[in-house]
1. Take I37 and decide whether it is closer than 27 Å to I156 by Cα and either hydroxyl-bearing (S, T, Y) or modelled with pLDDT of 95 or more (or both).
2. What do you reckon, is A95 under 16 Å from C48 (Cα atoms) and among the aliphatic types (A, V, I, L, M)?
3. Please verify whether A155 is without any contact (Cβ under 8 Å) to a residue 12 or more places away in the chain, under 17 Å from T183 (Cβ atoms) and in a helix (DSSP H, G or I), treating the condition exactly as stated.
4. May I ask you to list the residues in the stretch 1-34 that are modelled with pLDDT of 95 or more, more than 26 Å from L188 (Cα to Cα) and part of a loop (DSSP other than H, G, I, E, B)?
5. For the stretch 35-45, which residues satisfy the criterion of being buried (at least 17 other Cβ atoms within 10 Å of the Cβ) and either closer than 20 Å to R170 by Cβ or within 11 Å of the chain's Cα centre (by Cα) (or both)?
6. Report whether or not G111 is over 18 Å from the mean Cα position of the chain (by Cα) and in a helix (DSSP H, G or I).
7. Of the residues that make up the stretch 134-148, is at least one crowded, with 21+ Cβ neighbours inside 10 Å, part of a helix (DSSP H, G or I), hydrophobic (A, V, I, L, M, F, W, C) and touching a residue at least 24 places away in the same chain (Cβ under 8 Å)?
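The values are calculated or read from the model by the stated rules, or taken from the named source; none is laboratory data. Keep in mind that what you see is a predicted model, and the values were worked out from it rather than measured. Counting neighbours? That spans all protein chains shown, and the Cβs are built from the backbone with ideal geometry, glycine included.
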Amino acid sequence: MGFAQSVNRKRSEEIKDFGGEEMVKLWRCEICGDPYIGSAPPQNCPFCGAHLPYIKEAKQMVVSFDVTLSDKDRANAEHALQVEVSNAAFYFCAAGKTNDDEGKLLFKALGKIEAEHAAIWRKILKLAKAPTGNDTCHTENVQNLNESHERETRAIAFYNKAALESDNSRVKQIFEALVEIETDHLHLSEERLK
């Protein structure tokens, strides 16, 4: 039985007989810490894009951003914050300027997710607020998709390296989850560039 089938079977088992409706639960993402209300966990966190294994019932979840950072982890977290702030600014710019309606929606969604990633690193670094970005974008959708592809490729390479360098299990977990999420973003641009 595949993972999706197992989740669907579990969902069916969790249906309560209250007029045939499923019981609504509070879920929480282990990566960004944000809550989600629904009868089942989402396939991806609607806030940071983390995959299903990172989403659990809130009552079973303790999420901490209070970690001790080595000098290397601190430097990598600071760089990750800059990457995410830059990418969020680029995507929000593209959402407003690109000449394609679907592109506007895609870039708006990606901007929100990248801003959430910046918030994760802000919490890890114990900063009051994240810096703001001022990255520019293009009017032509294909140029924005190409730049998106380049940005996501760079982020994936850096996050893979940072995950390997980290001795802190929480920091490593975040970097590994971000590799998965940014790979999803990479596939979105690749699909549209065909």
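1. no
2. The answer is no for A95.
3. Working: without any contact (Cβ under 8 Å) to a residue 12 or more places away in the chain: no; under 17 Å from T183 (Cβ atoms): yes; in a helix (DSSP H, G or I): yes.
Answer is no for this residue.
4. V24
5. N44, C45
6. no
7. yes
Table: residues versus (1) in contact (Cβ under 8 Å) with a residue 12 or more places away in the chain; (2) surrounded by fewer than 18 Cβ atoms within 10 Å (Cβ to Cβ); (3) in a loop (DSSP other than H, G, I, E, B).
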{"residue": "K56", "(1), (2), (3)": "yes, yes, no"}
{"residue": "S64", "(1), (2), (3)": "yes, yes, yes"}
{"residue": "A77", "(1), (2), (3)": "yes, no, no"}
{"residue": "A80", "(1), (2), (3)": "yes, no, no"}
{"residue": "V83", "(1), (2), (3)": "yes, no, no"}
{"residue": "A88", "(1), (2), (3)": "yes, no, no"}
{"residue": "F92", "(1), (2), (3)": "yes, no, no"}
{"residue": "A95", "(1), (2), (3)": "yes, no, no"}
{"residue": "L106", "(1), (2), (3)": "yes, no, no"}
